[in-house]
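> First, the structure itself, so that you have it in front of you.
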Amino acid sequence: MASLDVIEADVLVVGGGIAGCVAATRAAEAGASVVLVDKVRSVRRSGDAGRGLAFLTTYLDLGEEWDTPAAFARWYCDIALGLVDMSVAWPVAIDPLPDVVAFLEESGVPLRNAEGGYDRVSRMWTPGPIVLKFDGEDIKPRLTERAEGTPGVRVVGGVHITSVQRDGEGRAVGATGFDVRSCEFVTFRAGAVVIATGNAERVIFNSPRRDPFNTYHRPYHGATGFALAARAGAAAANIEFLGTFLFPRGFATGAMGNLLEAGGRLVNGNGDLIAGLPDVEGRQFGHGIVAKAAGEARAGRGPIYIDCTHLSPAALADITTYISYDAPLFREFLEQSGIDLARHPVEFELFNGAWSATGSPKGVVVDGTGQTATPGLFAAGDLSTPAYALAGSLTSGWVTGDSAARFAREAAAPVLDRDAVARERSRTLAPLDRRGGTGWREFERELQDLMTKYVGMDRNEIGLRQASAYLSSYADAEVGVGAAGGHELMRAHEAFDLRLFDEMMAAAALERDETRFSFLMGHHRTDRPDPDDETWTGVAVLASHDGDRVVLERTVPTPEWREQRLREAAGSTGRPDSDAGGLAASAVPTRVVRVSTPAGKGA
């Protein structure tokens with residue numbers, strides 16, 4: 001390779017969502033030069049927060065027992081079944097919360113109510129009103145403006161990243177990608193790299209309608225971040241778990257929590273209030289109220305509905321002010337379906353997905369600075385663990401931006417391996433030479449069909465081993481996938497990334513030879529239908545890839561949590577996993593607490 005045109009920065013941030021914008025801002029404010037790269041041309045409305053948000057889960061430490069950092073930490077560990085490392089959660093996800101609340105307000109995000117205080121609510125999964133409700137329609141534009149307006153930040157749009165580059169000692173020193181329109185190959189050199197590309201979507205079909213882009217979170221989240229991290233030597237934790245939820249029939253969106261919290265009633269096909277019914281014996285799906293609803297459907301007493309017809313016009317009007325942030329296009333779905341919440345119950349169905357919800361312990365493993373096992377490579381946002389929802393994206397971006405700037409400042413100058421870059425260029429652009437080959441749609445749809453069948457709602461050893469064998473053959477089939485331009489090239493590489501993630505996920509699901517559910521996440525083995533508490537309570541599966549095969553490791557992220565739960569289980573007949581906030585009572589309307597912050601306290 002005779003010459004190498006390179007875009008250089010102290011810190012390269014891959015992904016322009018909430019976490020990426022905060023990381024870029026923090027790194028630049030720490031004195032680093034920053035390049036923020038995203039596959040979209042403009043990051044103003046990119047990422048999951050592009051539609052707006054309405055809730056921020058945080059303590060304010062205003063005097064209530066439930067409003068302290070310690071109480072928040074206990075909930076944080078319990079809701080994830082002890083599968084998060086609390087020695088990492090404290091510095092990455094808990095301690096920075098007051099700082100990011102102040103950061104949001106400084107950036108022009110209106111967190112306070114008209115009286116100058118905060119509106120705080122309890123949600124289905126929280127132990128108290130620790131969720132700050134606010135007008136977050138423009139949270140993403142405000143944070144984008146903050147990043148773009150910070151001296152030292154340069155945004156490069158329309159470039160899809162395909163590799164993290166490492167030097168001879170294994171340190172991350174840059175990345176490569178291509179322009180999604182021109183197909184021009186692009187090389188970056190940086191002292192540190194932050195990946196903040198969101199969670200894995202499009203892994204399985206989210207709906208019986210089998211629309212590959214009918215996903216709860218944004219469908220442009222493939223599994224690119226997981227693949228970038230894995231190819232660079234980082235591990236992911238708990239990726240065997242699926243989201244287990246109820247979605248409006250035929251439309252993947254998370255309206256369940258909003259409607260129930262507003263006072264909606266979850267009922268079966270006979271009109272019975274499900275929360276008051278006895279549990280149904282047999283195959284489990286979900287936890288708490290979700291499990292009870294699934295039991296009713298399996299027992300032949302479906303369909304399942306959420307009935308809001310008894311709510312007042314004021315309550316229904318209030319829902320419409322924020323539900324589109326939590327449940328994108330839900331209002332449009334109702335309108336086009338001819339459903340009026342005041343007159344019609346809404347039918348819901350069981351949902352599985354690979355997305356990460358509040359309380360999910362899934363993600364690329366990081367330490368207390370946000371750094372992965374690969375020196376100089378950091379992960380933030382929904383891609384990393386621990387990082388729950390908006391709060392986690394803010395805090396992990398806050399920490400990793402500062403940490404990456406410090407790493408770049410203290411490390412030796414980055415040196416790219418020119419031969420490795422040349423090899424990656426050849427791999428990246430190869431589909432353009434196979435324009436008559438298999439299309440990305442066909443390749444990805446076959447992956448989704450395979451994962452839905454063998455690694456979806458119901459799993460067993462035979463099916464998981466079959467999935468692994470098929471996925472290995474699909475690795476060989478990648479060389480037959482072609483692309484006719486930049487967009488198809490991007491989709492082809494997203495499909496390749498999905499295949500690598502699928503391989504790791506199937507292996508992790510085979511390793512966890514039990515069934516385990518918590519709020520919004522679950523792992524159901526038909527051949528191991530019960531939890532194996534002695535073996536698996538508080539035990540996480542780490543998955544990495546050595547280039548040839550998946551490498552698995554069992555670890556206990558927070559040993560004291562496991563020990564406590566095993567002691568409790570030994571003295572009772574109850575299961576040691578968490579109720580995650582009492583979901584059986586989720587039909588109780590949301591309690592709104594209006595708080596005026598005393599001087600010198602809270603945020």
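The values are calculated or read from the model by the stated rules, or taken from the named source; none is laboratory data. The model shown is predicted, which means the values in this text are computed figures rather than measured ones. Glycine also receives a Cβ, built like all others from the backbone with ideal geometry; neighbour counts cover every protein chain displayed. These area figures cover heavy atoms from the full protein model, side chains too; ligands, DNA and RNA do not enter into them. Shrake-Rupley method; radii C 1.70, N 1.55, O 1.52, S 1.80 Å.
> Ordering Arg142, Arg441, Arg298, Arg425 by how much accessible area each has at a 1.4 Å probe, largest first, what is the list?
On the way: Arg142 55, Arg441 160, Arg298 80, Arg425 115 Å².
Highest to lowest solvent-accessible surface, that is Arg441, Arg425, Arg298, Arg142.
> Could you size up the charge dipole of the chain around its Cα centre, putting +1 on the beta carbon of Lys and Arg and -1 on that of Asp and Glu, and report it in debye to the nearest 20?
About 900 debye.
> Which value, in Å² and to the nearest 10, is the accessible area of Trp75 when all protein chains are kept and the probe is 1.4 Å?
Rounded to the nearest 10, that gives 20 Å².
> If I fit a long axis through the Cα atoms of helix 559-570 and take the longest principal axis of the Cα atoms of the chain, what angle between them do I get, 0 to 90°, rounded to 10?
Helix 559-570 sits roughly 30 degrees off the main axis of the chain.
> With a 1.4 Å probe and every protein chain left in place, tell me how much accessible area Arg166 has, in Å² to the nearest 10.
For Arg166, solvent-accessible area is about 90 Å².
> Pull out the extension gain between Arg41 and Arg343, defined as 0.36 nm times the separation in residues minus the alpha carbon to alpha carbon distance; nm, one decimal. Walk me through the numbers before you get to the answer.
Working: separation 302, 0.36 × 302 = 108.72 nm, distance 4.28 nm.
Difference between extended and current length: 104.4 nm.
> Right, something else. Quick one: accessible area per residue over the chain, 1.4 Å probe, rounded to a whole number of Å²?
Values: 22000 Å² over 603 residues.
Computed with neighbouring chains in place, this is 36 Å² per residue.
> A follow-up question, please. Students sometimes get this wrong: rank Arg565, Arg331 by accessible area, probe 1.4 Å, all chains present, largest first. Please list the in-between numbers first.
Working: Arg565 30, Arg331 115 Å².
Result of the area sort, largest leading: Arg331, Arg565.
> What full-extension length gain, to one decimal in nm, is calculated for Asp417 and Asn270 as 0.36 nm per residue of separation minus the Cα-Cα distance? Display every interim value, and only then the final one.
Details: separation 147, 0.36 × 147 = 52.92 nm, distance 6.63 nm.
Residue separation times 0.36 nm, minus the Cα-Cα distance, leaves 46.3 nm.
> Seen from all sides and averaged, what is the projected area of the convex hull of the Cα atoms in the stretch 37-146, in nm²? Working shown, then result.
Values: hull surface 32.8 nm².
Over every viewing direction, the Cα hull of the stretch 37-146 projects on average to 8.2 nm².
> Let me make sure I get this right: for the stretch 65-212, a, b and c are the square roots of the gyration tensor eigenvalues over alpha carbons, sorted descending. Under 1.5 in a/c it's rounded, otherwise prolate if a/b > b/c, else oblate. Which is it? Don't skip to the end; give the middle numbers.
Values: a/c = 1.69, a/b = 1.53, b/c = 1.10.
Verdict is prolate for the stretch 65-212.
> If you take the Cα atoms of the stretch 353-489, find Rg, then find the Kirkwood Rh from the mean of 1/r over all pairs, what is Rg/Rh?
Numbers: Rg = 19.4 Å, Rh = 18.4 Å.
Checking Rg against Rh, the ratio lands at 1.05.
> Between beta-carbons, use under 10 Å as the cut-off and find the net charge around Thr535, counting Lys and Arg +1, Asp and Glu -1.
-3
> Next up: Any chance you could list the semi-axes, whole Å, largest first, of the equivalent ellipsoid that the Cα gyration tensor gives for the stretch 284-339, using √(5λ)?
That gives 26, 13, 13 Å for the three semi-axes.
> Could I ask something else about it? Where a Cα-Cα gap under 17 Å defines reach, which lysines qualify for Lys39, not counting those fewer than 8 residues away within the same chain?
Straight-distance partners of Lys39: Lys140.
> Separate question: Calculated from DSSP H runs of 4 or more alone, at -39500 (n - 2.57) each and per residue, what is the 222 nm mean residue ellipticity of the chain, nearest 500? Kindly include the intermediate steps, with their values, before the conclusion.
Numbers: 18 runs with 200 residues, N = 603.
So the helix-based figure for the chain works out to -10000 deg cm²/dmol.
> Could you tell me what fraction of 2.2 N^0.38 Å the Cα radius of gyration of the stretch 352-430 comes to, as a two-decimal ratio?
Details: Rg = 15.7 Å, N = 79, 2.2 N^0.38 = 11.6 Å.
Normalised Cα radius of gyration, the stretch 352-430: 1.36.
> What order do you get for 50-63, 540-553 when each peptide is scored by the mean count of other beta carbon atoms within 10 Å, highest first? Provide the component values of the computation, followed by the final result.
Values: 50-63: 20.2, 540-553: 16.6.
Result, highest mean first: 50-63, 540-553.
> Right, another one. Run the 1.4 Å probe and let me know the accessible area of Thr321, rounded to the nearest 10 Å².
Per-residue accessible area (Thr321): approximately 90 Å².
> I'm checking a number: the convex hull volume of the Cα atoms of the chain, normalised per residue, in Å³. What is it?
Working: hull volume 87.4 nm³, N = 603.
In the chain, the Cα hull volume divided by residue count equals 145 Å³.
> So, one more: Over the stretch 472-520, how many percent of alpha carbon pairs lie in each 5 Å bin up to the one with the longest distance?
5, 16, 20, 17, 13, 10, 9, 6, 3
> Taking Cα pairs under 8 Å and at least six residues apart, what relative contact order does the chain come out at, in percent?
Details: 1430 pairs, mean separation 139.7, N = 603.
So the answer I get is 23 percent.
> Here's another thing I want to ask about it. Which length gain, in nm to one decimal place, applies between Glu64 and Arg465 when the Cα-Cα distance is subtracted from 0.36 nm times their residue separation?
Values: separation 401, 0.36 × 401 = 144.36 nm, distance 5.02 nm.
Difference between extended and current length: 139.3 nm.
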